[in-house]
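Before any comments, here is the structure.
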């Protein structure tokens, strides 16, 4: 298992370095090679997660969830590469996945007691939908930062909205934001609802005012507002890029800070 962990880390690092060189040289071939390294690393990463399933205590280890989060980010990235044919996206995505994957090998969390209902359908739905949704938010954050950067470059250099940097247009980045919000919010909602059902089966109450639950509802409200403004009102541009960055930041605080420092059902302590 150690070999696979090192192999995945190295492939993600190489992919990131190649993407930087590809952008500097404006070389689309290097960009495709970078994506290939990410794909190879992702397959090895998937194998690691698959092998962990055969350990009875894998759901009680915080390391598994860090690794799963990195895996989910790459899954969304690969889908966008396939669907939208976007160049150089790995510059922003591979570091996020790498950080969470390496963290899964470095952190030392205690083994948490796992209720029998953990293995039920509701828990699986809860974990899958939330992690995939937050992975989409992470991608939205990455392209949002890119969007704001290009937007500022436009204000400095040109007034035309067709201005492009490194082959990526504002329209393309805004389209990604629209996609991750449109799919991510329903998944987040399903994840929250299935979590309530799982909680009622495990602790015999849907809501316990646990800090993690309250924080998740705050994130849901912001996400719901962004979803409404984006889909119903037609928000475009800087506003959704900024708001999804806030949603990502709050989600990251929930995952890293609340799970690590506060007494909660989801605690890594």
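Where a number appears in this text, it was derived from the coordinates with a stated rule and is not lab data. Quick caveat, the model's predicted, so the values are computed rather than measured. In this analysis, Cβ positions are derived from the backbone assuming ideal geometry, glycine residues included, and neighbour counts consider all displayed protein chains.
Below are the figures for this structure:
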{"read-out": "Packing-based ranking, highest mean first, of 230-236, 31-37 given that Cβ atoms within 10 Å are counted", "value": "31-37, 230-236"}
{"read-out": "For peptides 219-225, 78-84, sequence by mean Cβ density within 10 Å, most packed first", "value": "219-225, 78-84"}
{"read-out": "Mean Cβ count within 10 Å, highest first, over the residues of peptides 40-51, 4-15", "value": "4-15, 40-51"}
